[in-house]
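Working notes, beginning with the structure itself.
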Amino acid sequence: MEMRQTFSFEMDKYMAQNENIVLLNADLAKPNGLSEISEKYPERCINVGVAEQNMAGIAAGMSSYGFIPFIFTFTPFATRRICDQIAVSIAYAGQNVKIVGTDPGISAEYNGGTHMSVEDIGILRSIPNMVIFEPVDNSQLKKALVQILNFDKPLYIRMFRKELPDVFSDDYNFDLFKADIIKEGKDVTIICSGIMVQEVLEANKKLSDWGINAEIINIHTIKPIDEDTIIKSAAKTKHVITAENHNIVGGLGSAVSEVLSQRCPTILKCIGIKDSFGQVGKMPYLKQEYNMDSRSIVSAVLEILKR
């Protein structure tokens, strides 16, 4: 199932249980999979039109009256376009608004550089009181929504719209603020998020063939980051790689480097977009273009181990 379908299916259940949950979109209900739920709950699924700043203000106002509003739009419109409203009306005011940004990073594909938000984590990570969550598959998204709805603070969901391979089973133990150790290892730590988890798992097959035992950690909540899990793994392997679908400036790599530099100085190499804008293309091409594919991860591991 596509992640947008999973989100809509799960929210349908929760909206039936809680009449305070509302969904706001900026004329993008259909591409974001909200058409059916909008027809079912027309009084609580509000299309504000192409007016994202206004949508953020409406959501903040509704939160102040006890509602739980979800803003739902493409990633650049959910972050870059409404940064001031998020900072002042939502985060500074402490409003319980959930922001869903879809098609992050290179997953914008043919929409190109204008829609390819490779800086959204960096923007929101610098705003106090913001929590940043990026699900890796449907199981994780479903489990997260339960905890997100019970979390009474601003939160950003960085969500891939379409289908992703399963990483976790439906019965795995999820904690919104605890990283998942997908595989234990001793030679190198690979910390990854979002669509890059699959690339890391693919790279690990080659590394295992060469006798390299990698520890793989999925950081699903980038802020606040699980420092203890990072430190424990880095102290064991002495080598760390980060892999993210984002600019390495301000994103997961930056967050991990801040932790390591202060608590456990470690050799670190960051895989992601190297401080450049996006471009038009399909994801396989873009992963190669930005050295974000499994082969690039293998090369990075070999390089860091030589050092």
For the range 49-60, indicate whether the set of residues that are at positive phi, over 20 Å from the mean Cα position of the chain (by Cα) and small (Gly, Ala, Ser) is non-empty.
yes
Could you check how many residues of the range 277-307 are part of a loop (DSSP other than H, G, I, E, B), within 18 Å of Gly113 (Cβ to Cβ) and under 19 Å from the mean Cα position of the chain (by Cα)?
4
Residues of the range 127-165 satisfying the condition of being more than 16 Å from Phe70 (Cα to Cα) and among the small types (Gly, Ala, Ser)
Ser139
So which pairs qualify, if the first residue must be in the range 208-235 and among the aromatic types (Phe, Trp, Tyr), the second must be surrounded by 18 or more Cβ atoms within 10 Å (Cβ to Cβ) and not in a strand (DSSP E or B), the Cβ gap must be under 9 Å, and the two must be at least 6 apart or on different chains?
Trp210/Val298
Filter the range 242-269 down to residues that are surrounded by 18 or more Cβ atoms within 10 Å (Cβ to Cβ) and of a type in the set (S, T, N, Q) and give me whichever is nearest to the chain's Cα centre (by Cα).
Asn245
Per-region count, the range 106-120, residues out of contact with any Asp or Glu (no Cβ under 9 Å at 6 or more places or on another chain) and not in a loop (DSSP other than H, G, I, E, B)
4
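Do we find a residue being surrounded by fewer than 24 Cβ atoms within 10 Å (Cβ to Cβ), outside any loop (DSSP other than H, G, I, E, B), among the hydrophobic types (A, V, I, L, M, F, W, C) and not assigned by TED's automatic domain parsing to the domain that holds Leu201 anywhere in the range 121-132?
There is at least one residue in the range 121-132 that is surrounded by fewer than 24 Cβ atoms within 10 Å (Cβ to Cβ), outside any loop (DSSP other than H, G, I, E, B), among the hydrophobic types (A, V, I, L, M, F, W, C) and not assigned by TED's automatic domain parsing to the domain that holds Leu201.
Could you list, in sequence order, all residues of the range 270-297 that are crowded, with 19+ Cβ neighbours inside 10 Å and not small (Gly, Ala, Ser)? Steps first, please.
Taking the range 270-297 first, the residues crowded, with 19+ Cβ neighbours inside 10 Å are 270-273, 278, 286-287, 290, 292-294, 297.
Matches in the range 270-297: Cys270, Ile271, Ile273, Leu286, Lys287, Tyr290, Met292, Asp293, Ile297.
Could you tell me whether the range 173-183 includes any residue that is under 25 Å from Lys30 (Cα atoms) and outside the structural domain of Tyr65 (by TED's automatic domain parsing)?
Residues of the range 173-183 that are under 25 Å from Lys30 (Cα atoms), as a first pass: none.
Within the range 173-183, not a single residue is under 25 Å from Lys30 (Cα atoms) and outside the structural domain of Tyr65 (by TED's automatic domain parsing).
Matching residues to (1) closer than 18 Å to Leu268 by Cβ; (2) at pLDDT 95 or above; (3) not hydroxyl-bearing (Ser, Thr, Tyr):
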site	(1), (2), (3)
Ile148	no, yes, yes
Phe151	no, yes, yes
Pro165	no, no, yes
Tyr172	no, no, no
Ile182	no, yes, yes
His220	no, yes, yes
Residues (within 14 Å of the chain's Cα centre (by Cα) and either outside the structural domain of Ala59 (by TED's automatic domain parsing) or of a type in the set (S, T, N, Q) (or both)) located in the range 74-95
Thr75, Thr79
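The values are calculated or read from the model by the stated rules, or taken from the named source; none is laboratory data. Every value quoted in this text rests on a predicted model; they were computed, and no experiment measured them. Reconstructed Cβ throughout: ideal geometry from the backbone, glycine too, with neighbour counts over all protein chains shown.
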